[in-house]
Amino acid sequence: MNLAAEYMGMKLKNPIIVASSGLTNSAEAVLKCAEAGAGAVVLKSLFEEQIQVETRAIEQTQVDSWHPEAFEYVSRMVKDLGPTHYVSLVKKAKEAVSIPVIASLNCISNDWWPDYAARIADAGADAIELNMAIMPTDIQRSTQDIEATYLGIVDEVKKRVSIPVAVKIGPYFTSLTRFASQLDDHGVAGLVLFNRFYQIDIDIERLQIKPGSRMSSPRELSVPLRWVSILAGKFDCDLVGATGIHEGVGVIKHLLAGAAAVQLCTTLYLNGLEKIGEILNDMSAWMNTKGFDSIDDFRGRLSQERSPVPETYERLQYIKAIVGIE
Ligand SMILES: Cc1cc2nc3c(=O)[nH]c(=O)nc-3n(C[C@H](O)[C@H](O)[C@H](O)COP(=O)(O)O)c2cc1C
């Protein structure tokens, strides 16, 4: 069975990418992912704050405005995985494996990235994923301003690197289709739908905010799946399904919706890296029963673009679900 996939011009032996996380934070960890059968890996993100602290470029006034715990935490993070260490992580990971290694930068402004993106590209990364999350919490900040910041970061990075650049975003945009097409216009080669942001919860006994679960649930598959199916085929950049994909069936659904590849994280934490082999076996078995020889035989078959009635697709499904008659 041919499970080969292509993502941002890179040949993948299969469409399973290990998502940026603790599973990819060292060359040894990356080697384990490759040995388990992953098609590619995205390294743990380098955070903008780590660069600010390491370069000491952060102004004292800014340091003072940070929560002390936040500053101490980031300072500790720099020791473990600061920019200098990150460049060496890219080099070592590339030496350790032959599958594509995608570096990940977590950005919230375009002040710091160009130089680091270039250093990371020089270190041999096959591509860069910009993990961008600008929380729209500032009442003064308009949609246009926030979206322009994303596009500005992309432009700055694209000026400095020739390797493909992907963007990993969350689902909260006013007009995601328009914004995604702008990212495409700005030269983004891959769009990861979606990141799963830090979740909060409330402890009603202690009257405190507490962290929500770091792990996703398979129920979270449906929002990314909907958007992959809506956006697939509308522009050039490749789409990657992410969040809530725990089993082979989730991978197959995303490919049918039009994704070029998928990213897995929680399921690998919960079930171990051997889950990759299990998912690949499930995909092969399904393809066999359906008579598909390669992923291209079915990829995108259920995207909205290929629906005979694309304009009514979403609304019709909604009406069917609400009215209850077929
Ligand atoms: C422990 C942990 C660490 C993570 N670290 C990062 C990170 O550094 N950069 C990033 O872009 N995403 C990070 N993520 C998010 C994952 O890459 C992934 O997008 C998210 O978990 C959703 O996928 P899943 O449903 O397969 O878990 C992390 C997730 C977990 C659970």
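Numbers for the structure displayed
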{"item": "Matching residues in the stretch 196-247 - criterion: being out of contact with any helix residue (DSSP H, G or I) (no Cβ under 8 Å at 6 or more places or on another chain) and either buried (at least 21 other Cβ atoms within 10 Å of the Cβ) or among the aromatic types (Phe, Trp, Tyr) (or both)", "result": "Phe197, Tyr198, Asp238, Val240"}
{"item": "In the stretch 288-303, the residues that are of a type in the set (Val, Ile, Thr) and buried (at least 18 other Cβ atoms within 10 Å of the Cβ)", "result": "Ile295"}
{"item": "Qualifying residue in the stretch 272-295 (condition: closer than 24 Å to Ile102 by Cα, part of a helix (DSSP H, G or I), of a type in the set (Gly, Ala, Ser) and in contact with a strand residue (DSSP E or B) (Cβ under 9 Å, 6 or more places away or on another chain))", "result": "no"}
{"item": "The one condition in (1) more than 14 Å from the ligand (Cβ to nearest atom); (2) crowded, with 19+ Cβ neighbours inside 10 Å that Asp282 fails to fulfil", "result": "(2)"}
{"item": "Residue among Val53, Val42, Val30 that is buried (at least 20 other Cβ atoms within 10 Å of the Cβ), more than 12 Å from the ligand (Cβ to nearest atom) and at pLDDT 95 or above", "result": "Val30"}
{"item": "All strands (runs of 3 or more DSSP E) inside the stretch 108-218 with 3 or more residues being closer than 30 Å to Gly233 by Cβ", "result": "127-132, 165-169, 190-193"}
{"item": "Test: residue in the stretch 195-212 that is small (Gly, Ala, Ser), within 15 Å of the ligand (Cβ to nearest atom) and more than 23 Å from Gly37 (Cα to Cα)", "result": "yes"}
{"item": "Residue satisfying condition, being farther than 23 Å from Glu35 by Cβ, more than 15 Å from the ligand (Cβ to nearest atom) and of a type in the set (Ser, Thr, Tyr), within set Ser229, Ser222", "result": "Ser229"}
{"item": "Residue among Thr143, Thr174, Thr137, Thr149 that alone is under 17 Å from Trp227 (Cα atoms) and among the β-branched types (Val, Ile, Thr)", "result": "Thr174"}
{"item": "Residue that is farthest from Gly250 (Cα to Cα) [pool: residues in the stretch 12-27 that are among the polar types (S, T, N, Q) and surrounded by fewer than 20 Cβ atoms within 10 Å (Cβ to Cβ)]", "result": "Ser26"}
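The values are calculated or read from the model by the stated rules, or taken from the named source; none is laboratory data. None of the values given here were measured: they were computed from a predicted structure. We place every Cβ from the backbone using ideal geometry, glycine too, and count neighbours over all the protein chains shown.
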